[in-house]
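I have placed the structure first, in the form of structure tokens, so that the comments after it can refer back to it.
Quick note: the coordinates plus some simple rules give every number you see, no bench work behind them. Keep in mind that what you see is a predicted model, and the values were worked out from it rather than measured. Note: ideal-geometry Cβ built from the backbone for every residue, glycine included; neighbour counts use all protein chains shown.
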Amino acid sequence: MTEPGKRSVHSLLQKKRNGERIVCLTAYDCPLARIEQEAGIDLILVGDSINMAVLGDETTLGATMDLMIAHTRAVRRGAPETLVVGDMPFGSYQPSEALAIENAMRFLVEGGADAVKLEGGSGRALERVEAILDSGIPVMGHIGLLPQSLRKAGGYRVVGSSQRDRLMAEGRALADAGAFAVVVESVEEALAREITDSIEVPTIGIGAGRYTDGQVLVVNDVLGMSGDFAPRFVRKYAELGSLAAGAVNAYVRDVREGSFPAREHCYKPVDRKDAETK
Ligand code: KIV
């Protein structure tokens, strides 16, 4: 049974008050979610980055609600005791307040998530955050580089001091609206620090330097499964891509040369009374 409070967003607020750092990673499937839960991660984000990291697309824009729900459910199965946040994909909350609430609810009811995240801290995005919160669903904000606005921004760019006032206001607005945390993506370290110090709710940084309350990374980048893609802010903790390539190459070789399957992989005769099935 889940320990009371373990999956509560309030546990993160408490961590900020206690000065404890918050650890978050993305996960998209059950086996990795299980590993992350066993490592004691604070928060798992089922990011729309799945569209790039797993489906191989160039942007996050093609992630759909059905895709996100299926993977959120898989993550929940692997990490039943961990706070899981579903990332609302492009088009799932922008068109109307009613659609935003309906889709946020799907994350909780069908996906088993504890909360949702959406991009933006002003205008329509802020209104959607307020509407979703008003229906009783915890929301994590996201400011700085917004991958879903890539087409408008004209590319992935680090957000610097020229955007200071806007970003500070967005962080403040999300905290005032009741967001339980705010992702700060690709923001100069000093500015990310200033935002962190100015709001009561935790900031979770990605490419935002050392002074946010927590850190999040895309798990495929951490595990070395993203090919040559290596943003400056990522630290690779494994080379699973090379390991997997080695294993698949060995399998191809063994089947071709006839050394797999070997005798030990074959069933014994099945017409014996005590026939084995495994
Ligand atoms: O989709 C995602 O993985 C994200 C993180 C990079 C914060 O939004």
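What does the net charge come to around P202 if you take all other residues with beta carbon closer than 14 Å to its beta carbon, with K and R at +1 and D and E at -1?
Values: positive: K15, K16, R17, R21, K117, R193; negative: E20, D42, D197, E200, D213.
Net charge in that neighbourhood comes out at +1.
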**OP:** Taking the dipole about the Cα centre of the chain, with the C-beta of Lys and Arg at +1 and of Asp and Glu at -1, give me whichever of V158, S259, G178 is farthest to the positive side.
**Re:** S259
Subject >> Under the Karplus curve 6.51 cos²θ - 1.76 cosθ + 1.60, θ = phi - 60°, whole-Hz ³J(HN,Hα) for the stretch 70-86, x wherever Gly or Pro sits >> reply: 4, 6, 5, 4, 5, 5, 4, 4, x, 9, x, 10, 10, 5, 10, 10, x
**OP:** Any chance you could get the radius of gyration and Dmax over the Cα atoms of the stretch 120-278, in Å?
**Re:** 24.8, 79
Original post:
Quick one: which of 22-32, 260-270, 234-244 comes out on top by average Cβ neighbours within 10 Å, and what's the full order, highest first?
Top reply: 22-32, 234-244, 260-270
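Under unit Cβ charges (Lys, Arg +1; Asp, Glu -1), what dipole magnitude, rounded to 20 debye, does the stretch 56-137 have relative to its Cα centre? Before the final figure, lay out each step's value.
Working: 7 positive and 13 negative charges, 41 e Å.
For this selection, approximately 200 debye.
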Original post:
How large is the charge dipole for the chain, taken about the Cα centre, if only the Cβ atoms of Lys, Arg (+1) and Asp, Glu (-1) carry charge, to the nearest 20 debye?
Top reply: 460 debye
Original post:
Counting Lys and Arg as +1 and Asp and Glu as -1, what is the net charge of the other residues whose Cβ lies under 12 Å from the Cβ of V129?
Top reply: -4
**OP:** Find the all-direction average of the projected area of the Cα convex hull for the chain, expressing the result in square nanometres with one decimal place.
**Re:** 18.8 nm²
**OP:** Using packing as a proxy for protection, rank 44-52, 224-232, 189-197 so that the peptide with the highest average count of other Cβ atoms within 10 Å comes first.
**Re:** 44-52, 189-197, 224-232
Subject >> For the stretch 39-88 and the stretch 197-247, distance of Cα centres in Å >> reply: 15 Å
**OP:** Pairs of Cα atoms under 8 Å, at least six residues apart: use those to get the relative contact order of the chain, whole percent.
**Re:** 15 percent
